[in-house]
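A.B. asks: I am attaching a structure below and will ask some questions about it afterwards.
The values are calculated or read from the model by the stated rules, or taken from the named source; none is laboratory data. Computed from a prediction, not measured in an experiment: that's the story for all the values here. Note that we place each Cβ from the backbone using ideal geometry, even for glycine, and neighbour counts take in every protein chain shown. All accessible areas refer to the heavy atoms of the entire protein, side chains included, with ligands and DNA or RNA removed. Shrake-Rupley method; radii C 1.70, N 1.55, O 1.52, S 1.80 Å.
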Amino acid sequence: MGAQGMIFGLGFLFATLANCNTEGDILYAQKQAWVDPNNVLESWNQNLSTPCTWLHVTCNDNNSVIRIDLGHAGLSGSLISQLGELTNLQYLELQNNNISGVIPTSFGNLTNLISLDLQSNALSGSIPSSLGNLYYLKYLYLNGNNLSGSLPQEILSLITSGSLIALNVANNSFNNTTQPSKIKVTTIIQDMNIISA
């Protein structure tokens, strides 16, 4: 291998390591924002070079975080906006906790997301319209929170022009029930009305 190839290889390695450290810093900051009475985040050690060895975190072959599984973990506290910088994230599973505050608008930057499960928490405020950027999103579960306002049209557009096949926003405090036309989604649940394609 020539010097140029070696420099390129080292550059790629350092870029990968820097990305791992950045993602680790983001997840560690999220850990600091949560109350974790069951110590499920005990392995989230900021001193490790990558979060890929942490429990409840899955990475791809490039050591980038693609999955966070923390359902039924007893966590409380808020979601930090920096989570929107985990741009390779495909699954964010945080159901059945006591997470409060708002859904960050930065989640609209998670353009590789396939599943966002925030059901049965204590989230409040409106659903950010930026979630309409998530073209690959198939599963969106926001039911059982304290969300208010209305379901953004940008999210409903994912039914006809995106990949969304399951949407549950029941048991919140929305203004109205929306029934979009040209439904290709498998199931929409809102305010106890069930629409099946």
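A.B. asks: Within the range 137-161, work out how many residues are in a helix (DSSP H, G or I) and open to solvent by 80 Å² or more (accessible area, probe 1.4 Å).
C.D. replies: Here is the first cut: in the range 137-161, the ones in a helix (DSSP H, G or I) are 153-161.
Next, from what is left, pick out any that are open to solvent by 80 Å² or more (accessible area, probe 1.4 Å): 153-154.
Count: 2.
A.B. asks: Within the range 186-196, does at least one residue satisfy the condition of being touching a Ser or Thr at 6+ places or on another chain (Cβ under 7 Å), open to solvent by 30 Å² or more (accessible area, probe 1.4 Å), modelled with pLDDT of 95 or more and not in a helix (DSSP H, G or I)?
C.D. replies: No - not one qualifying residue is present in the range 186-196.
A.B. asks: Still on this structure, please answer the following. Considering only residues that are open to solvent by 60 Å² or more (accessible area, probe 1.4 Å) and touching a Cys at 6+ places or on another chain (Cβ under 7 Å), which ones fall in the range 58-78?
C.D. replies: The one that is open to solvent by 60 Å² or more (accessible area, probe 1.4 Å) and touching a Cys at 6+ places or on another chain (Cβ under 7 Å): Asn63.
A.B. asks: Considering only residues of the range 88-103 that are under 10 Å from the mean Cα position of the chain (by Cα) and in a loop (DSSP other than H, G, I, E, B), which is surrounded by the fewest Cβ atoms within 10 Å (Cβ to Cβ)?
C.D. replies: Pass one, the range 88-103, residues under 10 Å from the mean Cα position of the chain (by Cα): 89-94, 103.
In the following step, the residues that additionally are in a loop (DSSP other than H, G, I, E, B) were identified as 89-90, 94, 103.
Values: Leu89: 24, Gln90: 18, Leu94: 23, Ile103: 23.
Going through the qualifying residues, I end up with Gln90.
A.B. asks: So if I check each of Thr87, Thr160, which one is over 20 Å from His56 (Cα atoms), of a type outside the set (Gly, Ala, Ser) and in contact (Cβ under 8 Å) with a residue 12 or more places away in the chain?
C.D. replies: Numbers: Thr87 fails: over 20 Å from His56 (Cα atoms).
Among Thr87, Thr160, only Thr160 is over 20 Å from His56 (Cα atoms), of a type outside the set (Gly, Ala, Ser) and in contact (Cβ under 8 Å) with a residue 12 or more places away in the chain.
A.B. asks: Are any residues in the range 118-136 part of a loop (DSSP other than H, G, I, E, B), open to solvent by less than 30 Å² (accessible area, probe 1.4 Å) and either farther than 16 Å from Ser161 by Cβ or not aliphatic (A, V, I, L, M) (or both), and if so, which ones? Show your work before the answer.
C.D. replies: Kept after step one, since they are part of a loop (DSSP other than H, G, I, E, B), are these residues of the range 118-136: 118-121, 126-128, 134-136.
Keeping just the survivors that are open to solvent by less than 30 Å² (accessible area, probe 1.4 Å) gives 118, 121, 127-128, 134.
Leu118, Asn121, Ile127, Pro128, listed by residue number.
A.B. asks: Let me ask something else about it. Please enumerate the residues belonging to the range 37-57 that are touching a residue at least 24 places away in the same chain (Cβ under 8 Å), open to solvent by 50 Å² or more (accessible area, probe 1.4 Å) and among the polar types (S, T, N, Q).
C.D. replies: Scanning the range 37-57 gives Asn38, Ser49.
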